[in-house]
Amino acid sequence: MVITSRGCPHGCTFCDRTVLGRRYRQHGVPYIIELMKRLRTDYGVKHFDIEDENMGVNARWLHDLCDRLAGELPGSTWACSMRADQVTDEKLKQMRAAGCRNITFGIESGSQRMLDSYKKNLKVETIRSAVELVRKNKIETSGSFILGGAGETEDTINESVRFLRKIDLDYFYVWYLAPMPGSEVAKDIHRHGRIISENWDDYSAQQIVFLPRGLSESDLRNAYTRYYRAFYLRPSYIARKLRSLSSINELAYTARLAAKFIRMLLT
């Protein structure tokens, strides 16, 4: 894992901007290249997970970084996170040539109403188009969703489930809303529902700590399972993954993961 920048200029309500701030700043390209070269030479690292909050803010910097990566670190691969409204065909072609193999989008919801409530400043159709463009450029896509945000209802959950069945992601993750101190949503969270835990060990987004008005803990747990079923049990997704397997060992590994996944859905 490497970090090449910090800060994010956007104002999503669930993010705490009091630590890293909204001013985006990045390491210089020569510094990043030397860092990655050293990791590759001294430790044999061939793949890098770039953990920046949002790697696509500065298009000129990203262009220069990709240009240097392609020329000086051939054979290395990397993954990053971007906003859906930052991808372009030209940018993706350069990223692919420089070794980018996966882009994670913070999609958050398939409901436009929830996206607006999170102040994502994104349209559902923009997200769908971005995923299609990334796939066209032979880069894998991952999508991160939030479940149980302020204003979440059965209707918005159903919209997200329908969206998950249609969108052509490679990987999908869902997190329960954790109203972190410093985030906009935490300031008036009690207007929208009920906090059920103030134990900070639970604030990992993997435990339910907030119940939106009108939804129970059981509702959210059931929705969590529905999300994963809707995405990973699609026949088209299963067929694509089976076609991508290249060895018996990979097939055996995938079978073990599938067994664990099925057990999770049944519990």
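Here the condition is being under 28 Å from residue 159 (Cα atoms), touching a residue at least 40 places away in the same chain (Cβ under 8 Å) and touching a strand residue (DSSP E or B) at 6+ places or on another chain (Cβ under 8 Å); of 57, 87, it holds for 87 alone.
The condition (being under 27 Å from residue 168 (Cβ atoms), surrounded by fewer than 19 Cβ atoms within 10 Å (Cβ to Cβ) and of a type in the set (A, V, I, L, M, F, W, C)) is satisfied by just one residue among 97, 84, 79: 97.
Number of residues in region 1-21 that are in contact (Cβ under 8 Å) with a residue 60 or more places away in the chain, assigned to a strand (DSSP E or B) and of a type in the set (Gly, Ala, Ser): the value is 0.
Results for (1) in contact (Cβ under 8 Å) with a residue 60 or more places away in the chain; (2) of a type in the set (D, E, K, R), shown as yes or no for each residue.
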{"position": "132", "(1), (2)": "no, yes"}
{"position": "137", "(1), (2)": "no, no"}
{"position": "144", "(1), (2)": "no, no"}
{"position": "164", "(1), (2)": "yes, no"}
{"position": "175", "(1), (2)": "no, no"}
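To keep it simple, each residue is scored yes or no on (1) at pLDDT 95 or above; (2) not hydroxyl-bearing (Ser, Thr, Tyr).
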| position | (1), (2) |
| --- | --- |
| 105 | yes, yes |
| 160 | yes, no |
| 163 | yes, yes |
| 167 | no, yes |
| 170 | no, yes |
| 174 | yes, yes |
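Residues checked against (1) of a type in the set (D, E, K, R); (2) modelled with pLDDT of 95 or more; (3) more than 26 Å from residue 186 (Cβ to Cβ):
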{"position": "22", "(1), (2), (3)": "yes, no, no"}
{"position": "25", "(1), (2), (3)": "yes, no, no"}
{"position": "56", "(1), (2), (3)": "no, no, yes"}
{"position": "79", "(1), (2), (3)": "no, yes, yes"}
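In region 41-52, the residue that is nearest to the chain's Cα centre (by Cα) out of those that are surrounded by fewer than 18 Cβ atoms within 10 Å (Cβ to Cβ) and closer than 27 Å to residue 105 by Cα is 51. Looking only at region 1-46, residues that are of a type in the set (Ser, Thr, Tyr), under 17 Å from residue 83 (Cβ atoms) and touching a Gly at 6+ places or on another chain (Cβ under 6 Å) come to 1 in all.
The values are calculated or read from the model by the stated rules, or taken from the named source; none is laboratory data. Because the structure is predicted, anything quoted here is derived from the model rather than measured. Neighbour counts run over all protein chains shown; Cβ positions are idealised from the backbone, glycine included.
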